[in-house]
Amino acid sequence: MYTYRQILTQIFRIIRQNPSLWIFGLFAALLGNNNGLEIMVGSFGFSGQGIFSSFINGLIDGGLFTFGGIKGIAKIMVSNPLLLFILAIISLCLIALTVLVIWITLVSLAALIVKAVSFSKSKTLSARQAFGAGMAKFWPVLGLNFFIRVVCWLIVLAIVALAGLPRFPGLIYLFILGFDVLLAATIIFSLVTNYAICAAVLRNLGLKASLEFALGLFRQNWLVSLEVAVFLFFINLIVNSLLWFFLSWALLHTLSLFGDFPLAYLVIIVLLFILFIAVQIALTIIYWCFWALIFEILSGKKSAVKSWLLTVFRSR
């Protein structure tokens, strides 16, 4: 029976002995952790967004899909077609670059999962082989990531609709109940999607089959799954809180020491930024390696994960 500490220790060993995971983690970090709470918070604008939502929101915020934006494009077509052609080329290049980043991000995520699980089984898998395996799983991983974000956005819209209901006595209780139900649905759906991504990558399943497999796995291990989600959420919260405290202290301390030396101050800022990026990459690797190993343990049916809550309940 595995404990969370044993899994975390194994992940640290995987990271230490597989430097290529840092490359995969760098791109996978652009996607963000597929945590229901983080997606919900990010949807309300309180945290960073993934590359999918950033790309779409950038087009919307830029006014491309508004009447004014379409009217402006039509005006440019008539008055200055050369400028429109140049802008179109630039836009196509930016879209191509975005598509490339999305592709390498999802391939890196799949490669990270494959390489971590292979190493845990004492199998040698080169970075090139892992990347090739990730390329083969691009479409189901893309579909699953897009699916989870669409569902979460719809849930956020439902919560906003609840908040906009006409006011009447007792409405606050209806809103709290609806919010709790929708939040729980988002978290559960995100956990199922984590399993589905692992199923698509490690079990060679399609989009529908991986979701069905993941749903069955979650039903059988819902308590452990929720525990893992909370465990990883608090790891992320504690590490980032300590990181922000250290970065704030370091910046203030650096300003007091090197306020008269802008170059030294700039160097410290760059170093702190590199530290911030490195920590986010490490958290991303830990997050997906943990879910991949949990998936292998639970779906293998040869061993189990020691649940804290089950231990407490059985002790009583």
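The values are calculated or read from the model by the stated rules, or taken from the named source; none is laboratory data. Note that this is a predicted model, so its numbers are computed, not measured. Reconstructed Cβ throughout: ideal geometry from the backbone, glycine too, with neighbour counts over all protein chains shown.
Taking the range 91-100 as the range and being of a type in the set (A, V, I, L, M) and either surrounded by fewer than 11 Cβ atoms within 10 Å (Cβ to Cβ) or under 16 Å from GLY143 (Cα atoms) (or both) as the test, the residues that pass are LEU92, ALA96, LEU97, VAL99, LEU100.
On the stretch given as the range 216-271, residues that are under 30 Å from VAL305 (Cβ atoms) and part of a helix (DSSP H, G or I) total 27.
Yes or no: ILE102 under 30 Å from ALA196 (Cα atoms), touching a Ser or Thr at 6+ places or on another chain (Cβ under 8 Å), in a helix (DSSP H, G or I) and at pLDDT 85 or above? It is false that ILE102 is under 30 Å from ALA196 (Cα atoms), touching a Ser or Thr at 6+ places or on another chain (Cβ under 8 Å), in a helix (DSSP H, G or I) and at pLDDT 85 or above.
The residue pairs whose first member lies in the range 112-134 and is without any contact (Cβ under 8 Å) to a residue 12 or more places away in the chain, whose second member is among the aromatic types (Phe, Trp, Tyr) and surrounded by 18 or more Cβ atoms within 10 Å (Cβ to Cβ), and whose beta carbons are closer than 8 Å, counting only pairs six or more residues apart or on different chains, are LEU125/PHE119. The residue list VAL181, VAL192 contains one member that is free of Cβ contacts under 8 Å to residues at least 60 places away in the same chain and either among the polar types (S, T, N, Q) or surrounded by fewer than 16 Cβ atoms within 10 Å (Cβ to Cβ) (or both), which is VAL181.
Among residues of the range 200-211 that are among the aromatic types (Phe, Trp, Tyr), none has a Cβ under 8 angstrom from a residue that is not in a loop (DSSP other than H, G, I, E, B) at a sequence gap of 6+ or on a separate chain. Taken residue by residue, the range 121-143 has at least one member that is touching a Phe, Trp or Tyr at 6+ places or on another chain (Cβ under 7 Å), in a helix (DSSP H, G or I) and at negative phi. Scanning the range 182-204 for residues that are modelled with pLDDT of 90 or more and either β-branched (Val, Ile, Thr) or farther than 19 Å from PHE290 by Cβ (or both) gives VAL192, THR193, ILE197, VAL201.
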